[in-house]
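What follows draws every value from the coordinates through simple rules; no lab data is involved. In this text, all values refer to a predicted model and were calculated from it rather than measured experimentally. Quick reminder, even Gly has a Cβ in these numbers, built from the backbone with ideal geometry, and neighbours come from all protein chains shown.
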Amino acid sequence: MSLAKVLDLIDADIDNALTRLLGLLRVKSISTDPAFAADCDLAADWLVDDLTTLGFTASKRKTPGHPMVVGHAKGPGKHLMFYGHYDVQPVDPLKLWDNPPFEPEIQDTPNGRVIRGRGSADDKGQLMTFVEACRAWKAIHGTLPVKVSLFFEGEEESGSPSLIPFMRENAEELKADIALICDTGMFDPQTPGITTMLRGLLAEELVITGPDKDLHSGMFGGAAINPIRVLSRIIAGLHDETGRITLPGFYDGVPELSDEIRSQWQNLAFDHERFLGDVGLSVPAGEQDRTPLEMIWSRPTCEVNGISGGYEGDGFKTVLPSKAMAKISFRLVGTQDPDLIHQSFVAYVNSMLPADCKADFPLGHGSKASQMSVGNPIFEAARKALSDEWPNPAAYIGCGGSIPIAGLFKEILGMDALLIGFGREDDQIHSPNEKYDVESFHKGIRSWARILAALA
């Protein structure tokens with residue numbers, strides 16, 4: 001089968017592909033808010049309809065939450081399972097968006113054309129790169145070069161409560177030779193990456209309660225314990241002066257990089273000054289004996305993601321608060337156990353509590369890190385195909401984020417996951433004004449077309 005004709009069609013049809021993507025982006029499929037449940041259902045229907053027009057046997061599958069979409073297309077040779085998610089993050093605060101988040105548009109910027117709108121990069125734009133690659137293969141040859149199944153989730157942004165039961169109940173249908181995931185990024189705009197290391201995640205919410213009601217700080221200040229002061233002391237104690245995390249046993253299961261991986265990463269010539277400079281910073285703030293690339297790819301972290309307590313409105317109010325709250329995330333690597341770290345965190349907090357204070361932990365759930373074995377020849381074939389499309393050779397890279405589905409494919413279905421994405425550092429995923437570069441979308445489609453050919 002001719003790959004060149006497929007690539008030519010992708011180039012000729014890119015405007016139509018963008019129009020189709022904009023249609024999907026208009027669907028307000030926010031999975032975390034029950035008010036948008038009908039929109040999530042609509043997004044699933046949109047995908048089923050589109051896949052059906054391509055000749056996939058596709059259907060919407062009910063779950064206790066938002067539906068899954070599963071599709072199958074016959075083909076020779078290897079069986080590939082592609083995963084993506086059609087749900088998106090909430091859009092608040094709306095006032096920070098330059099345009100309405102669900103009125104997507106193509107914009108010209110100093111760095112090229114971009115697709116602006118919620119879900120453009122995470123994950124609708126990435127998901128559609130694979131669908132469009134299949135569309136082009138089907139249009140030219142009437143079939144795909146391999147057997148392909150598609151698995152689209154509607155709850156990724158809300159913790160995937162239905163995912164594991166669904167995978168276990170439908171394991172035989174979902175099994176394939178390898179899973180493909182397009183929810184990651186490139187090393188830089190010219191260098192594609194295959195992500196082989198994903199950090200795990202432990203999500204904690206800590207609520208410190210002191211007095212049983214808010215108090216007048218003039219009347220009670222000094223005599224009554226202040227939960228904000230207690231919380232501040234707890235947070236400050238989570239790191240030492242070198243940037244290391246102080247929880248007992250926290251570093252159990254944290255591996256050192258192999259010489260091979262360390263050498264590969266050094267060859268990438270990561271520019272940490274530019275990386276931090278792009279967000280208005282200059283000094284790496286993690287463990288002092290680690291390189292910035294190690295900090296974001298291969299080392300565990302502890303970060304405070306939100307904090308509140310007392311009066312937070314405009315103006316001033318002399319209140320001694322009853323409660324103070326912090327949301328804290330631990331990114332995990334190697335074989336770190338989120339349950340054991342949760343227990344260590346609870347013990348640490350309780351050891352720091354003074355009299356008349358109590359601590360509650362409403363969350364405390366997490367997932368382990370995962371690492372892919374690049375010994376599977378599919379990985380090298382995909383790396384070569386990517387290298388043929390982009391200016392620089394593709395690299396095996398790490399990822400600072402967490403994608404639990406990658407480990408679940410191995411745990412539940414017994415197959416490795418090949419993580420290839422075309423996102424960029426400035427895509428502003430989960431934030432106002434999210435975008436996806438038109439080049440990422442266009443060359444992403446071409447990349448998947450090449451990978452389908454390489455794995456045939």
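Figures for the structure shown
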read-out	value
Per-residue HN-Hα couplings for region 261-266 [Karplus 6.51, -1.76, 1.60; θ = phi - 60°; Hz; x = Gly/Pro]	5, 4, 5, 4, 5, 5
Neighbour-count order for 436, 83, fewest beta carbons within 10 angstrom listed first	83, 436
Whole-Å distance, taken between Cα centres, linking region 31-68 and region 389-456	22
Phi to ³J(HN,Hα) by Karplus 6.51 cos²θ - 1.76 cosθ + 1.60 over region 243-260, Hz, x for Gly, Pro	x, 6, 7, 8, 4, x, x, 4, 8, 4, x, 8, x, 8, 5, 6, 4, 5
Tensor-based shape of region 113-165 (alpha-carbon gyration tensor, a/c under 1.5 rounded, otherwise prolate or oblate)	oblate
Assigned charges on the beta-carbon of Lys, Arg, Asp, Glu; the chain dipole about Cα centre (debye)	620
Projected label distance in nm at residue 216 and residue 5, using a 7 Å step from Cα toward the beta-carbon	8.5
Other-chain or far-sequence residues with amide H under 5 Å of residue 183's (modelled H)	420
Dipole magnitude of region 367-456 about its Cα centre (Cβ charges: Lys, Arg +1; Asp, Glu -1), debye to nearest 20	220
Total charge dipole magnitude, region 310-370, about the Cα centre, Cβ charges on Lys, Arg, Asp, Glu only, Debye to nearest 20	80
DSSP-defined beta bridges in the chain - what % are antiparallel, rounded to 5	70
Sparse-neighbour loop sites [trypsin sites (Lys or Arg not before Pro); region 41-132; at most 13 other C-beta within 10 Å; DSSP]	62, 74
Rounded tilt (10° steps) of 3-12 against the dominant C-alpha axis of the chain	70
Using θ = phi - 60° and Karplus 6.51 cos²θ - 1.76 cosθ + 1.60, couplings along region 78-95 (whole Hz; Gly, Pro as x)	5, 10, 10, 10, 9, 10, x, 10, 9, 7, 10, 6, x, 9, 4, x, 4, 5
Value of relative contact order over the chain, rounded to a whole percent, pairs C-alpha under 8 Å and six or more apart	26
Amide H within-cut-off set for residue 194, under 5 Å, with H built and near neighbours excluded	395, 396, 397
Folded to 0 to 90 degrees: helix 37-53 orientation relative to the chain principal axis, Cα	20
Helix 124-141 vs. the chain, principal-axis angle (Cα, 0 to 90°, nearest 10)	10
Column: log10 I(q)/I(0), Debye, Cα scatterers of the chain, q = 0.10 Å⁻¹	-0.78
Centroid-to-centroid separation of region 273-350 and region 177-213 [C-alpha atoms, Å]	14
Cα gyration tensor category, rounded, prolate or oblate, for region 37-168 with a/c compared to 1.5	oblate
Computed over region 298-456: relative contact order in percent, which uses C-alpha pairs under 8 Å that are six or more apart	19
Relative contact order, percent, region 1-114 [alpha-carbon distance under 8 Å, six or more residues apart]	24
Top positive-direction residue, dipole computed over the chain with Cβ charges, set 110, 307, 398	398
Ellipticity estimate at 222 nm from DSSP helix runs (n ≥ 4, -39,500 (n - 2.57)) divided over the chain, nearest 500	-10500 deg cm²/dmol
